[in-house]
Amino acid sequence: MNETLALPPRLVMRDLFLTAFSQKARIGLIFFCIMALCVLIAIQIQPDYKAKSSLLVLMGTEHTFRPAAGQQFMNSGGVDAEQVLRTEASILGSDDLHRTVIREIGIGKMYPKLLEKPGPIAKWMQDIRLFITDSLGMTERTADAESADPMARAVDAFARNLTITVDKKSSVIGLDFTNPDKMVSAGALRILEAQYFVLRTKLYGDVQAPIVQVQRDVVSKQLTGADTALQAFKQQHDISNFSERRAILLKQQGDLETALTKSEAMIAEQSAKLAQLNQQLGQVAGTKKGAPNASAALQGMVQAYRQREEDAQSRYRGSPAVDEARRQALERETDIARMQATQAYGVQADRNKTEADLRSSLAGHDAIATQLTALNKVIDALDADESQLHQLERNRAILEDNYKAVTKILDERQTVEAVEAHRESSVRVIQPPNVPVTPQPTRHLILLAGIVVSMLLSIGSILMSHFFRAIYLRPEALEMDTGLTVLASVPEMRTIGGPSSSVLVVPA
């Protein structure tokens, strides 16, 4: 390598131009080969059409905290716009969404080459790749199966053809999709946006009404069971209304206790009266075997009067005055006996009536006492069942309150979800996808890249030839390297080895 770079820039540039002129055949060959290859590639490549669309992302309620059904809304602070944009871009870039678009359009229409059988060369290259990956232990059967699946490869191709750009300042998401078919490119973007809104609604949808509906059904079944248990308990214990039932029983108890008291007072009164009548009857007619008997006393008096009358007739038969006196005495005694008999009959009748009333009062007292005992048992049983009845009523009241609360929450959720279902999305389409008119300048870019590459290779070839050549093109370079003065030079001539020049060097 010579010291050409030490020369002035104008001389260096002149040497470079001279080198380029001397290497013009090689440069032309490089340029021709590269351009021919680029033209061949440009002819083979099918141009793509790019469809464009843009979406405006607004801050909506779906990006804020949404409480569960029945809970109060709590302010969770501001919404990060950048995070919202990244979320929306992630939804647009999801594989499931892309797979839905491909299914709707069809793999054969979007990527027909994926359905074509690989040629011998492609198959051979694939076998070599699998052999290398198997040798290195990098092959996974599941991955190979997925790569062989046309849908998996179509999803990968769709992701490569789709470009999602996010403008944080304007909250705009740009969508670009390229495909050799201009109708497919615009249709893919249109279907992508439509399915994106559907998927977005499903993801952001806060549907809680079915959950609350299940809760209400559960509470309704529990409430029905509580009603059934309460009604069965009331029927089993003959209770229509506990308070009314208790009030009726207590009133009946009071009435029976009052009647029992009156009966006891009447029995005491009748017993005292009966004792008094027995005493009166004993005084009037005497007693028989220790018990007053008016009939016996009356019969004894009658027999005494008859005996006296017989004695008067037999003993005092000769004296009329004595007989008259005795007769009158007997009449008086008879009147007295009649009066005593009449009084004895009256006392006896009163006694018999009082005794009958006493027996009736005693029977009534026993009946009232029996009823009161039975009623007390019923009241005691009712008091014993009161705690269980109150527990059943309390459970039913709690379940009824729960049912009303859950029903209220369900009505509110249904109203909210109905409003959200008909609410406009917070993402708006600014520019809908249109069918592109002109294809992408892929061929022009390939040709431009060929020109740039050929120029770079040509310049590299010139530089390599300039810095690594074995001869000198300029006498100044020779003088710089040797420090000697160049007296003469031989002009360029045609030689077998190619164009070259020589110089004569003498000591200075």
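Each value in this text was obtained by applying a stated rule to the coordinates, not by laboratory testing. Please read all numbers here as calculations on a predicted model, not as lab measurements. Every residue, glycine among them, receives a Cβ derived from its backbone with ideal geometry; neighbour counts consider all protein chains shown.
Points worth noting:
- Remark: 151, 110 ranked as 151, 110, counting other beta-carbon atoms within 10 Å and listing the fewest first.
- Computed from backbone phi with θ = phi - 60° and the Karplus coefficients 6.51, -1.76 and 1.60, the 3J(HN,Hα) list for region 216-223 is 5, 4, 5, 5, 5, 5, 5, 5 Hz; x is used for glycine and proline.
- Checked against a 23 Å cut-off, the cross-linked pairs 202/408; 113/202; 52/168; 234/408 give Cα-Cα distances beyond that limit for 202/408; 113/202; 234/408.
- Separation of the residue 485 and residue 371 label points, Cα + 7 Å toward Cβ, nm: 16.6 nm
- Residues whose amide H comes within less than 5 Å of that of residue 440, counting only those at least five positions distant or on another chain, are 48, 49, 50 (H built at 1.01 Å from N in the peptide plane).
- Estimated inter-spin distance, residue 24 and residue 445, nm [label 7 Å along Cα→Cβ]: 3.6 nm
- The amide H of residue 431, built 1.01 Å from its N in the peptide plane, has 54 as neighbours under 5 Å, considering only residues 5 or more places off or on other chains.
- Förster-model FRET efficiency, 51 Å R0, residue 172 and residue 400, C-beta, rounded to 0.05: 0.40
- Annotation for region 340-427: GluC sites (Glu not before Pro) lying in DSSP loop with at most 13 further Cβ atoms inside 10 Å of their Cβ are 424.
- Sparse packing (at most 11 other Cβ atoms within 10 Å of the Cβ) combined with a DSSP loop state is found for the following trypsin sites (Lys or Arg not before Pro) in region 358-435: 423.
- Each residue of region 31-43 was assigned a 3J(HN,Hα) from its phi angle through the Karplus curve 6.51 cos²θ - 1.76 cosθ + 1.60 (θ = phi - 60°); the sequence is 4, 5, 5, 5, 5, 5, 5, 5, 5, 5, 5, 5, 6 Hz, with glycine and proline shown as x.
- Applying the Karplus relation 6.51 cos²θ - 1.76 cosθ + 1.60 with θ = phi - 60° to region 373-382 yields 3J(HN,Hα) values of 4, 4, 5, 4, 5, 4, 5, 4, 5, 5 Hz, where x marks Gly and Pro.
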